[in-house]
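The next block holds one structure in the form of C-alpha cells; read it before the comments.
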Amino acid sequence: MPQLAPSSLCVLRLSAIGDVCHAVSAVQAIQRHYPTAKITWIVGKIEAQMLQGLQGVELIVFDKSQGWRAFQALRKQLKGRRFDVLLHMQLALRANLAAGCIPADRKIGFARQRSKELHSWFVSDHIDSEQGFHVLDGFRDFTRAIGVPDTPPQWDMPISDDDLQWAGSILPQSNQPVLVISPAASKAERNWLAERYAAVADYAAERGFQVVISGGPSTLEKELSASIESYAKHSMINLTGQTSLKQLLALLKRASVVLAPDSGPAHIAVTQNTPVIGLYAHSNPKRTGPYLYQDYVVEVYAANAEKQYGKPVSELPWGARIKGDELMSHISVAQVTEMLEKVIVQEGILLPESIPS
C-alpha cells in the first residue's frame, strides 16, 4: 500500500555535529519526495547554529544546559500542535524523554534490537528494515519507513555570502590547493599525535599546499594546534578557536582536502563534497567514517578490534568500539602521506609546479 504524504513531520535529532550532518541528507530527501510537508526539527543549541537558515525547516532548539527546564520549554513551544509523524532518530535518554514531549500520531524509532535508554517506551513503531551499516544509512531507514525512495545522499547546507567571503579572504587568492587539518575529536584518545600531524603538514606544504589548522575554542584544541605548529617546519594558518560553525562550513567548502579524526568537521566536509582523509582507531569507519570518502580512510580499527574481541570485525555487534589511549599512534605518517597522494591523483588536485617559499 502506498504511503500517504505527511502534511506535518517532526524530526528529533539533538546531537552531535556529525550525526546532524547525516540527518540533513535524510531531511532533504524527505523534502524532495514530499515537497508540501511542513518539517520541524528539534535540535541541540550548538547544532542549530550550523543548521540556521536550512531551507523549508522550522528549527526548535533544545538547550540541554537548562536541565529539566529544557523539557518544559519544549512542551510549551509545541502546545496545541500535533504532527502526523515523529522521526525519533536518537537513542540517548535525553532524546527519549524529549520524544515524550512531542505530540504525534505516529512515532517511529530505531529497530527494536537496537533500542536502549527506554527508546521503545517513547515510540509507537520501530524500523523493521535496516538496509545499511553506516549511521547515515540508519537515517535513510527512517525515510524509507515513510515511503521515501533511496537516492544518493545530497546536502544543501546554508552558507551566507559573508561567510564565503570570509573564507575567501583567509585562503590563498591563487589556485594553490588547500589542506585543512582539523586535528581534534571530542575525546582526546581519538586524536593523532601532534608531531605526526606536523610531519604531514610539512609534506603537504612541500607538495605545494597551503596548510590550515582549524578547531574549536577549547583549551585542548588550542593546545593541540599550537603543538602542531611548534613541530612543523613550514608556516601554516592557525584558525583554532576563531571560526563560527558557519565559517567552518565555508572554510571546508573552499578546501581541497581535509585531514581529521573521527569528528564533526570530517562530516561537515562531506556535506561540501570536499575529500576527507579520516583517521580511525576506536570506532568502525564503515559505521562512522566520512560517508562519501570511505576509500580515503586510514584505519587501525579492524586489526585492534580483532585483538581485543578475539573475532573478526564482521562478527562484532553494530557500534562495537575498542579502548586504548595509544591506538591512534598505530597510524603512521607514511600511511597518511600515501593516502594524500592517492587523493591528489583521484580527485585531480592540481599542484603548483614549484614549491611556495
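The values are calculated or read from the model by the stated rules, or taken from the named source; none is laboratory data. Values in this document were obtained by computation on a predicted structure and should not be read as measured data. Note that we place each Cβ from the backbone using ideal geometry, even for glycine, and neighbour counts take in every protein chain shown.
Some notes on this structure:
- Residue within the range 131-147 that is buried (at least 21 other Cβ atoms within 10 Å of the Cβ), modelled with pLDDT of 95 or more and aromatic (Phe, Trp, Tyr) present: yes
- Looking only at the range 156-204, and only at residues there that are in a helix (DSSP H, G or I) and among the aromatic types (Phe, Trp, Tyr), the one that is surrounded by the fewest Cβ atoms within 10 Å (Cβ to Cβ): Trp166
- All positions within the range 54-64 that are touching a strand residue (DSSP E or B) at 6+ places or on another chain (Cβ under 9 Å) and farther than 17 Å from Leu87 by Cβ: Val61, Asp63, Lys64
- Entirely in the range 269-357, the helices (runs of 4 or more DSSP H) that have 3 or more residues that are in the same structural domain as Ala250 (by TED's automatic domain parsing) and under 17 Å from Val178 (Cβ atoms): 333-347
- Residues of the range 129-142 that are touching a strand residue (DSSP E or B) at 6+ places or on another chain (Cβ under 6 Å) and free of Cβ contacts under 8 Å to residues at least 12 places away in the same chain: none at all.
- Being farther than 22 Å from Val24 by Cα, crowded, with 20+ Cβ neighbours inside 10 Å, modelled with pLDDT of 95 or more and of a type in the set (Gly, Ala, Ser) is a description that does not apply to Ser263.
- Of residues in the range 17-29 being touching a helix residue (DSSP H, G or I) at 6+ places or on another chain (Cβ under 6 Å) and farther than 17 Å from Gly132 by Cβ, the one surrounded by the most Cβ atoms within 10 Å (Cβ to Cβ): Val20
- When residues of the range 56-98 are limited to those that are surrounded by 15 or more Cβ atoms within 10 Å (Cβ to Cβ) and in contact with a Pro (Cβ under 9 Å, 6 or more places away or on another chain), the one farthest from Ala26 (Cα to Cα): Leu78
- For the range 205-217, filtering for residues that are surrounded by fewer than 17 Cβ atoms within 10 Å (Cβ to Cβ) and farther than 19 Å from Leu249 by Cα leaves 1.
- Set Arg140, Arg112, Arg190, Arg144: member being in contact with a Gly (Cβ under 8 Å, 6 or more places away or on another chain) and either outside the structural domain of Leu12 (by TED's automatic domain parsing) or of a type in the set (Lys, Arg) (or both): Arg140
- The set of residues in the range 143-176 that are under 18 Å from the mean Cα position of the chain (by Cα) and touching a residue at least 24 places away in the same chain (Cβ under 8 Å) comprises Pro153, Gln154, Trp155, Asp156, Met157, Pro158, Ile159.
- Residue within the range 219-238 that is touching a strand residue (DSSP E or B) at 6+ places or on another chain (Cβ under 8 Å), under 20 Å from Ala48 (Cβ atoms), surrounded by 24 or more Cβ atoms within 10 Å (Cβ to Cβ) and touching a residue at least 24 places away in the same chain (Cβ under 8 Å) present: no
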